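The values are calculated or read from the model by the stated rules, or taken from the named source; none is laboratory data. Since the model is a prediction, treat every value here as computed from it, not as a measurement. All Cβ positions, glycine included, derive from the backbone under ideal geometry; neighbour counts span all protein chains shown. Heavy atoms of the whole protein, side chains included, go into the accessibility calculation; ligands, DNA and RNA do not. Shrake-Rupley method; radii C 1.70, N 1.55, O 1.52, S 1.80 Å.
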Amino acid sequence: MPAETTAELIDAHLLTVQDFPSEGILFRDVTSVYANGEAFASVVDAFASHDWGQVDAVLGIEARGFGIAAAMAYARTVGMVSVRKAGKLPGELLSEDYALEYGTATLQVQPNVLPRGSRVVILDDLLATGGTLAAVVKLAERAGWVVAGIGVVIALDDLGGRAALAGHDILELSTYPAS
């Protein structure tokens, strides 16, 4: 039997939940992808083997981005930096607000954990409208880091996320319609 591609493994294990977190939302949950060893390894290998050029660290976005960022950082023998929701990190911080469908939220990063000029890859589970990832790009650039690329496990095709990240190398492992 031929080996399944990463997209096929994601498709086979992705959990889709109707009406979560609210009525009319079709929630794509990668938790079940991460829970399957073969699928998780394939996701990590796809990110780790992608030609990002030189990478000094991987930025993982709270919370579903942490696991894949840590695993990719380990595979590439580079550092991993957590991008957290407001109030979760100590010390010197940069903050960036971004829009949600029901308000705003804030992400933070510790700019002194990497030297200026460090090349980073940003990883998360999902690209939808691009608001979260665009906020992290801004944080990275304000910290003086160079964004080598952005990787997502899944992308929702029709929500404009790619446009919000124009000019950046984006690796999407699988794509789906938003509804």
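Worth pointing out:
- Of everything listed in (1) open to solvent by less than 10 Å² (accessible area, probe 1.4 Å); (2) within 27 Å of PHE27 (Cβ to Cβ), the single unmet condition for THR175 is (1).
- Hits in the range 125-153 - residues which are over 9 Å from the mean Cα position of the chain (by Cα), of a type in the set (A, V, I, L, M) and assigned to a strand (DSSP E or B): VAL146, VAL147, ALA148
- Residue within the range 112-125 that is farther than 30 Å from GLU23 by Cα, in contact with an Asp or Glu (Cβ under 9 Å, 6 or more places away or on another chain) and hydroxyl-bearing (Ser, Thr, Tyr) present: yes
- Residues within the range 1-57 that are assigned to a loop (DSSP other than H, G, I, E, B), open to solvent by 60 Å² or more (accessible area, probe 1.4 Å), hydrophobic (A, V, I, L, M, F, W, C) and closer than 24 Å to GLU101 by Cβ, tallied: 2
- Pairs meeting the criteria (first residue in the range 100-112 and closer than 21 Å to GLU141 by Cα, second residue modelled with pLDDT of 80 or more and among the acidic types (Asp, Glu), beta carbons under 6 Å, at least 6 apart or on different chains) are THR104/ASP97; THR106/ASP97; LEU107/GLU96; ASN112/GLU92.
- Answer residue from the range 60-113, given it is within 24 Å of ASP45 (Cα to Cα) and assigned to a loop (DSSP other than H, G, I, E, B) and is most open to solvent (accessible area, probe 1.4 Å) among those: THR77
- Residue check: THR132 meets all listed conditions (1) open to solvent by 50 Å² or more (accessible area, probe 1.4 Å); (2) at pLDDT 95 or above but one, namely (1).
- The single condition among (1) surrounded by fewer than 18 Cβ atoms within 10 Å (Cβ to Cβ); (2) touching a helix residue (DSSP H, G or I) at 6+ places or on another chain (Cβ under 8 Å); (3) of a type outside the set (Lys, Arg) that VAL120 does not satisfy is (1).
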